[in-house]
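Participant: Quick one: the structure is below, questions incoming.
Values quoted throughout were computed directly from the atomic coordinates according to the rules given, and no laboratory measurement underlies them. It should be emphasised that the depicted structure is a prediction, and the values quoted were computed from it without experimental measurement. Counting neighbours? That spans all protein chains shown, and the Cβs are built from the backbone with ideal geometry, glycine included.
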Amino acid sequence: MQEKESQLFPPPGKIISVQSHDMHLYGTGTGTGKSTIVFIPGSGTPNAFTDFYFLQKELQSYARTVSYDRAGYGWSAKTTNPRTIDTVTEELHALLEKANEPGPYLLAAHSLGSLEALSFAQKYPDEVKGIVLLDGGSPEYYANDSEAKSYVLNRIMAGLRVTGLVRALGNVGILLPFPARIYAILYCLSK
């Protein structure tokens, strides 16, 4: 199905070469502010464009918004580069630079993407205006959380994705973004 869909649905954004592999970045809006909202997907998000499209559409009149697919997901190519927090943080920074996406950035990170947002802010503090966590966790949470529990939850979600249940739920509106997320991001932009 992925092969068929890739022929039917070309990437809506740009494909940019970053550290020996291609990455997909979708950007919209120019906004009235001087910030770019960077939507950082959670672990295993199959396609950031579909996850963040509605949020980007709602916020595009306030700021430039971008979302991207990590290596091996969505329209981004697979890579043999290690998937460490340092690697994915450096790839995001290189992607934003090569795409000429202006800072400062408001990082809107979902779930495990919160670790990437925190790492980005530590490595590039002058380029970050703020961080909004969407169901995010702290490094302590992930360090202390049960690996077995995380594995089971990850496998359940993978099963839901493979069977198409996640897509079906989204089609009936169950997984649409909450308006509170939009208001939280707008509040941070106003600061």
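Participant: Any of LYS57/LYS98; LYS98/LYS123; LYS4/LYS34 with alpha carbons more than 28 Å apart? Name them for me.
Facilitator: LYS4/LYS34
Participant: Just grab the label-to-label distance for ASP86 and THR30, each label 7 Å out from Cα along the Cβ direction, in nm (one decimal).
Facilitator: 4.0 nm
Participant: In debye, nearest 20, what is the charge dipole magnitude of the stretch 1-92 about its Cα centre with +1 on Lys and Arg Cβ and -1 on Asp and Glu Cβ, if you could check?
Facilitator: 200 debye
Participant: Would you please report the Å³ per residue occupied by the convex hull of the alpha carbon atoms in the stretch 1-131?
Facilitator: 100 Å³
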